[in-house]
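See structure below.
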Amino acid sequence: MLVQVAFIVLTLLIGLCVGSFLNVVIYRLPLHMSLLKPSSHCPNCEYKLKWYDNIPLLSYIFLKGRCRNCKTKISSRYPIIELSNMALWFLALMLNTNYIIPSITTNYLMFALTCVVFSTLLCVFCCDLDNMEIPDEFQLILLLCGIIAFLSNDISASYRTYGFLLGGGFFGLFALLFWLIRKREGLGFGDIKLMAVLGLFLGFEKIIVCIILSTISGAIILSILSLKNKGEKNKEYPFATFIVPSAIISILAGQYIVNWYLSLFAVV
Ligand SMILES: [Zn+2]
């Protein structure tokens, strides 16, 4: 029991610290900057952050969200990403170990992979929102997680292969049709690659849930936005911001959604 509590606390703390590092990755990777140098500093006054200015969450609270030196406001996005990553790691723990829900079979490999996938998806979400671009490094990490999951054989390998083909194929076909009909790009190649690598990790059934959730949420929100921006007919929108939450829901609850759906057709 004590070991389990320690493991949960450790997961939360490391999740928070990794969240802090993700802030650096999200800012620097799209600019092709080194992730290690220069050390963190205030973008306004160049004040170099001391170690005690860099404690995840706590420093933000103690400094009341302002730079220690020039008092410029620090974006609330930093603690939000730290907390989000911590929450996602906790959910990964809940999903893959019997520490919180005793009926779940513990699988440490899937726990570790799910943490990596969640953190990477958080970066994809922010980078696509900021720059309308998904750096290839994130796609590679997701692909690697998918391959390790594929080799671990925890679900049938063919399930993951179909997931890969369906994820990439569905969005690829959609992009092709959109291009043929509208003569312009409707979906970026980055989104297609993202769905393919996610399909490998999620498997056949969960990627269907992810496709449905992302296309429905995307269609509704993008329709509202394009009605608002009538003047800008060909305005582009970051579609991965719909794929990421859909993928997270599919990882967490995909199986329940599939079972519920299938139960509607079950013979009583
Ligand atoms: Zn400053």
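The values are calculated or read from the model by the stated rules, or taken from the named source; none is laboratory data. Note that the coordinates shown come from a computational prediction; the quantities given were computed from them, not determined experimentally. Every residue, glycine among them, receives a Cβ derived from its backbone with ideal geometry; neighbour counts consider all protein chains shown.
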**Prompt:** For segment 7-20, does any single residue satisfy the condition of being touching a Lys or Arg at 6+ places or on another chain (Cβ under 8 Å) and more than 16 Å from the ligand (Cβ to nearest atom)?
**Reply:** no
**Message:** Can you pull out every residue in segment 34-72 that is hydroxyl-bearing (Ser, Thr, Tyr) and within 15 Å of the ligand (Cβ to nearest atom)?
**Reply:** SER39, SER40, TYR47, SER59, TYR60, THR72
**Request:** Tell me the helices (runs of 4 or more DSSP H) entirely within segment 138-253 that contain at least 3 residues that are of a type in the set (A, V, I, L, M), under 27 Å from VAL25 (Cα atoms) and under 14 Å from the mean Cα position of the chain (by Cα).
**Result:** 189-202
**Item:** Within segment 1-101, helices (runs of 4 or more DSSP H) holding 1 or more residues that are touching an Asp or Glu at 6+ places or on another chain (Cβ under 6 Å) and in contact (Cβ under 8 Å) with a residue 60 or more places away in the chain
**Value:** 2-28
**Message:** Among the residues that make up segment 73-86, is at least one of them farther than 25 Å from LEU252 by Cα and more than 15 Å from the ligand (Cβ to nearest atom)?
**Reply:** yes
**Asked** Do you know which residues across segment 214-268 are modelled with pLDDT under 90 and in contact with a Phe, Trp or Tyr (Cβ under 7 Å, 6 or more places away or on another chain)?
**Response** LEU222, LEU225
**Request:** State yes or no: is GLY188 surrounded by 17 or more Cβ atoms within 10 Å (Cβ to Cβ) and under 22 Å from LEU252 (Cα atoms)?
**Result:** no
**Request:** Taking only segment 14-32 into account, find how many residues are of a type in the set (A, V, I, L, M) and under 16 Å from PHE118 (Cβ atoms).
**Result:** 6
